1. Sorting PHE188, PHE111, PHE70 by accessible area (1.4 Å probe), largest first, what list results?
2. Give me the number: length gained by fully extending ARG310 to TYR92, i.e. 0.36 nm times residue separation minus the C-alpha to C-alpha distance, one decimal in nm.
3. Taking 45 Å as R0, compute the FRET efficiency from the Cβ-Cβ separation of MET40 and ASN237 and round it to 0.05.
4. Leaving out ligands, DNA and RNA but keeping every protein chain, what accessible area does GLU125 have, in Å² rounded to the nearest 10, with a 1.4 Å probe?
5. Could you report the accessible area of GLU181 in Å², rounded to 10, computed with a 1.4 Å probe on the protein chains as they sit in the structure?
6. Using a 1.4 angstrom probe on the protein heavy atoms only, line up VAL52, VAL305 by accessible area, largest first.
7. Run the 1.4 Å probe and let me know the accessible area of TRP54, rounded to the nearest 10 Å².
8. If the label point is 7 Å along Cα→Cβ of HIS210, which residues in segment 128-165 have backbone nitrogen under 16 Å from it?
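The values are calculated or read from the model by the stated rules, or taken from the named source; none is laboratory data. Please read all numbers here as calculations on a predicted model, not as lab measurements. A quick note on method: Cβ atoms are made from the backbone with ideal geometry, for glycine too, and the neighbour counts reach across all protein chains shown. The accessibility values were calculated without ligands, DNA or RNA, using every heavy atom of the protein model including side chains. Shrake-Rupley method; radii C 1.70, N 1.55, O 1.52, S 1.80 Å.
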Amino acid sequence: MKLPSYDAAARDVPEDLSHRVMLPRRAPKAPLRQVARRLMMALLVLAATIVVVWIDRAEYHDNADGSVSFLDCVYYATVTLSTTGYGDIVPYGDSARLLNVLLITPLRVLFLIILVGTTLEVLTERTREQWHLKRWRTALRDHTVIVGYGTKGRSAAQTLCATGLARDRIVVVDPSSKVIEAAVAEGFAGVVGDATRSDVLVRAEIQRAHQVVIATQRDDTAVLVSLTARQLNKRANIVAAVREEENAPLLRQSGADAVITSASAAGRLLGLSVHSPSAGIVMEDLIQQGSGLDLVERPVVKSEVGKSVRETDDLVVSVLRGHRLIGYDDPVASPLQTADRLITIVRAAAAEPTVPGGQPRPHNATLPGTGVSPMRRADEYRPDE
């Protein structure tokens, strides 16, 4: 299903849908089905009451003609269950009065509960939603806000989930209610509204967010969202995507910490795939978290401090020392220091290596015929090593 683009949907969103927060919940039953079910229950109660009165009709008295017909039973059951009670047909026998106490009165209460139940359910549901929303706002801390849930936004959300981020820690902002409904169906919280407005971002609790991903369709929209987000949150890590490379400096000046040029990146990957299809497959695998090989950033463990880059268990691509990114082949990168962070290529955490018989392969085992130890997964690193 092709979802509406971010900016096209922003022009079409009605006022009563803006600023609305939607949280993941169980799929409700169809309204018509609920009404039909309640109507059937009410008719069954009415039919049971008519049968009871018809069986004991000899104990009832009609002020009009003295006898009680089937139509009179229907009439009496209807006015009794609705608590109208005109008094023209009354039970005068002991058995009829006993049945009114034991059966007709409970059926009247049940009938009223069924009729009023829909209203009570709506009020209860609204109260529950307000309580849930208030609790969600109170507990939300250091979460990730994704602005725009098109192709880029959905891919970013999937990658974040693959790296271990819980779905309840992601809030999606988009002006289209249909897009937000799709995000909520996938387990994310959503805010319907234009993210260039500060009140919409405040509803996404951006002032307490740890990361902000801007994946809008237009560069000017991304700049406005970045300016607004940075104004509301000075410490958040803001990552934005732009279509044109010439707009990247402007987006950095507006507050983005990292800018990805989507058109140029796709073009480079296309060129690489033309020159070397296998290299293109490897690059696609590296940027797709959770399968094959993953490109991850991790701290240096104690056992690696003082060693060279090539002496680590993983394939190190770069070393992050302070705010400086050092290539693996730079002599300055070795020896490794305690505060360094390594950009490494590791096996995806989802793939568990096994030996014949289905047992997990020991992590210190060597690959068959090579004498080389396999790379560890990203979730196997402990700072105390």
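1. From most accessible down to least: PHE70, PHE111, PHE188.
2. 68.3 nm
3. Details: r = 55 Å, r/R0 = 1.23.
That pair, MET40 with ASN237, gives E of 0.25.
4. Solvent-accessible area, nearest 10 Å²: 70 Å².
5. Accessible surface of GLU181 is approximately 100 Å².
6. Values: VAL52 30, VAL305 60 Å².
Ranking VAL52, VAL305 by accessible area, largest first, yields VAL305, VAL52.
7. Here the residue's solvent-accessible area equals roughly 90 Å².
8. Residues 139-146, 157, 159-165 fall inside that zone.
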